[in-house]
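The values are calculated or read from the model by the stated rules, or taken from the named source; none is laboratory data. Fair warning: this is a prediction, and the values are worked out from it, not measured in the lab. Cβ: placed from backbone, ideal geometry, glycine included. Neighbour counts: every protein chain shown. For the accessible areas, the whole protein counts, side chains as well, though only heavy atoms, and no ligand, DNA or RNA atoms are used. Shrake-Rupley method; radii C 1.70, N 1.55, O 1.52, S 1.80 Å.
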Amino acid sequence: PCYLFALVAGDLSRIDDTFVTASGRTVSLRIFTEPENADRCDHAMASLKHAMRWDEEVYGREYDLDIFMIVAVNDFNMGAMENKGLNIFNASCILASPQTATDAAFERIESIVAHEYFHNWSGNRVTCRDWFQLSLKEGFTVFRDQSFSADMGSAAVKRIADVSYLRTAQFAEDRGPLAHPVRPDSYMEIGNFYTLTVYEKGSEVVRMLHAMLGPEMFRKGTDLYFDRHDGQAVTCDDFVRALEDASGRDLAQFRRWYSQSGTPTLHVESAHDAASGTYTLTLRQQLHDTPGQPADQKQPQVIPVAIALLDADGRGRDHAVLELSEQSQSWQFKDWPEVPVPSVLRGFSAPVRLEISYTREQLAFLMAHDGDGFARWEAGQRLAQQALQAAIDGDDGAFEAGVSCWLDAAATTLEQACQDDPADPAMLARLLMVPSTASLCEAQAEVDPDRIVTARTRMLDVFAQRQEDRLAACLAQTVARGPYEFTSAQCGRRALHHLCLDLLCRLENSQYAEAAMQQFRDADNMTDRLASLQALVHSRWQEVAGGALEAFRADWQGDALVMDLWRSVQASSPQPGTLARVRELLNDPDFDDLNPNRLRSLVGVFCNQNLQHFHAGDGSGYALLREQVLRLDGQNPQLAARLLSALSSWQRFVPERRDRMRATLEEVAARPGLSSDVFDIVSRCLGEDRAA
């Protein structure tokens, strides 16, 4: 039943290993790559074996062939694909060593190797009847690989990372002209069908089913699904039906998640009756207009809302998953003589925007006491966003009050981080992160890049200035101990160390730039070396940064994947002259302007991660993107279309930027002979029927 087949030929080295399945069969494992890369496949091989064992233990799925092969390819538009028995990978998703790859790369490789292996059942043994069912395999398999990664490291940190990506990328897709359901009903170009909605939101739909049914019943349902449909090409409805039949639950209304586009807004209100000791939570869902689907034609969806109520001592009780199936519903909780603090949407139990009125004090309380890691982080982010929003709005008094409250909470977290062996240091690093520009854009009704960048820069500077002593103490406490290891504890310590270094390099004290340069010279791993390089390149210390950039290039000029990291650090820099530097790098003799990895590392990072310079007021960032899209369209239209998507949210920006972004799209649309890939994206972005 699988729909992908592969044949690979080349001068390749082979790395061999074996895996013994639960039933005792020995499976031959092989990874093929260029000879010079053969020593960087150990982590991918270990990740594959972990994934095979995990799928047996968690889903009861044993590998079915006697051989499983992977090949790493240097020029590839995607991350990887699940061709039966011979997975094809972008080299960046396989090759890793401590000297050449960061912690983030190790994590990404572990996740993607698992994802493609899991497709052996959820994608190959049971596959899609037609393209419209793509989320049948992708949404389900993303949920599986996210669960695997959560089990391999910090579950809370993994959930935070996944939700952050969903909110800043998929929510933006849901909010713009490219919005579509998890199961779309039409498409122009299949290359543009592999979307964040199909993958990431599709995963959240499966996660909601898991939350509603519980782990045991969900496993019973997936067992039935695999047994019933092994060797078949089926639909999303067949998947849901198997869960229904196994659990006895009626999921007819839940299916609306597959057919209705857009991100619902969940409004939460509360009331307390002191006389009866009754606390009432009222939940209301609001659906929004999306292309081809007006809000008034949409019907209420089932939204599982995980909650807990915290008493004055921070103890949580009345844990529940409330299923909101009407437009508005209320729940009452007894034996609350005093008003509790509600922890709502714990674990991010549904892909919705949460509207709830928390005071600063309540958010600080949740950040300190909530037992749910995601909810604790979310409280801290909301607390910081309140201060940032005040700065964006020009309210200095509210900014000062908000930032002081957040810094008090951050000080407590820093003190925890300075302990000898803090619990879950990666979580502590997350709690100390100021909200990203992407998350701030998501929160705005109208995006003003200048105000957002100015507000965030101000908060980072205040953080560094007022917490300098604690940041310096944490920096010293988290210095590397022993050789590099890819473990959750070590990754967390490095994350804390690099966060402190980045903040301290914002200060005028040159000792921190010297410390960053010393770390750059002494580092025995790419995670430390790249973090110190970024701290310098993104700081005021440009002379020091220039020396580090040249030294890095001299050491790694012959390694294409490592040089991608070097380019990305420069493309994401907030310092003046970044656009000119990007243009220089595009014209560098060593830059392969047709290789997808090279272009993503430079143009993709600049357009998607550099709010300040991509959205420069003179439109120069948009001009760069237009040039690259039109240049690429005849050579790699899929990549050109994906790069152009950086303009898809143009309608949400302030008028001057909005007009320039639209003009850029119109200039692309006016080019004769556009590929169907780019034509599809630009037509939908402009909201016009250009099919004629």
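The listed peptides 583-595, 672-684, 248-260, ordered by packing as a protection proxy, come out as 672-684, 248-260, 583-595 (highest mean of other Cβ atoms within 10 Å first). Dividing the Cα radius of gyration of region 305-413 by its Kirkwood radius returns 1.00 for Rg/Rh.
Both radii were evaluated on the Cα set of region 167-213; the Rg over Rh quotient, with Rh as the Kirkwood radius, amounts to 1.01. Over region 433-582, the pair-distance histogram of Cα-Cα distances with 10 Å bins from zero comes to 10, 37, 37, 14, 1 percent, rounded to whole numbers. According to the calculation over all Cα-Cα pairs in region 498-589, the P(r) per 10 Å bin from zero is 17, 53, 27, 3 %. When the convex hull of its Cα atoms is viewed from all sides, region 97-247 shows a mean projected area of 9.9 nm².
Sequentially through region 281-290, phi angles give Karplus couplings (6.51, -1.76, 1.60; θ = phi - 60°) of 10, 10, 10, 9, 9, 10, 9, 10, 5, 9 Hz, Gly and Pro residues having no value and appearing as x. Between Ala580 and Gln286, the distance separating the two model label sites (each 7 Å from Cα on the Cα→Cβ line) works out to 4.6 nm. Working from Cα pairs under 8 Å separated by at least six residues, relative contact order for the chain is 10 percent. Can you return the lysines within cross-link range of Lys49? Criterion is Cα-Cα under 20 Å, with same-chain partners fewer than 8 residues away left out. Output for Lys49: Lys84. At an R0 of 25 angstrom, the distance between the Cβ atoms of Thr359 and Arg315 translates into a FRET efficiency of 0.80.
Counting only Cα atoms, region 354-494 measures 48, 29, 25 Å along its principal axes, largest extent leading.
Remark on Thr278: its backbone amide H falls under 5 Å from those of Asp273, Trp336, a criterion applied only to residues 5 or more positions apart or on other chains, H modelled at 1.01 Å from N.
Look at the dipole of region 185-271 built from charges on Cβ: of Met188, Pro215, Tyr225, the Cα furthest out on the positive end belongs to Pro215. Treating only the Cα positions of region 424-477 as identical point scatterers, give the base-10 log of I(q)/I(0) from the Debye formula at each q in 0.21, 0.23 Å⁻¹. Summing over Cα pairs of region 424-477 leads to -0.86, -0.94.
Using the Cβ of Val71 as centre and a radius below 11 Å, the other residues enclosed give a net charge of +1, where K and R count +1 and D and E count -1. For Ala104 and Ala423, a Förster radius of 25 Å and the Cβ-Cβ distance give a FRET efficiency of 0.70, rounded to the nearest 0.05. Ranked by the mean number of other Cβ atoms within 10 Å of their residues, highest first, the peptides 155-163, 349-357, 497-505 come out as 497-505, 155-163, 349-357.
3J(HN,Hα) couplings calculated from phi for region 336-347 with the Karplus curve 6.51 cos²θ - 1.76 cosθ + 1.60 (θ = phi - 60°) are, in sequence order, 10, x, 10, 5, x, 9, x, 9, 10, 6, 4, x Hz; Gly and Pro show x. Remark: region 74-160 projects, on average over all directions, an area of 6.5 nm² (convex hull of Cα atoms). The alpha carbons of region 261-355 stretch over 48, 26, 17 Å along the principal axes, in descending order.
Pairs from the table (Lys137/Lys158; Lys137/Lys220; Lys220/Lys334) lying more than 30 angstrom apart at Cα are Lys220/Lys334. Okay, which of region 237-261 sit inside 16 Å, backbone N to the point 7 Å along the Cα-Cβ direction of Ala295? So the set is 261.
With a Förster radius of 30 Å applied to the C-beta separation of Ala6 and Arg219, the computed FRET efficiency comes to 0.45. If a spin label sat at a point 7 angstrom from the Cα of Leu630 along the line to its beta carbon, no backbone N atom of region 574-605 would be nearer than 11 Å. Among the protein heavy atoms of region 49-177, carbon and sulfur supply 55% of the accessible surface, probe 1.4 Å, non-protein parts ignored. The residues of the chain present an accessible area of 40 Å² per residue when probed at 1.4 Å with all protein chains retained.
Surface composition of region 447-578: carbon and sulfur atoms hold 49% of the protein heavy-atom accessible area at a 1.4 Å probe. The Kirkwood radius of region 187-249, taken over pairs of alpha-carbon atoms, gives through the Stokes-Einstein law at 10 °C and 1.306 mPa s a diffusion coefficient of 124 µm² s⁻¹. Distance distribution note for the chain: the fraction of Cα pairs above 40 angstrom is 31%.
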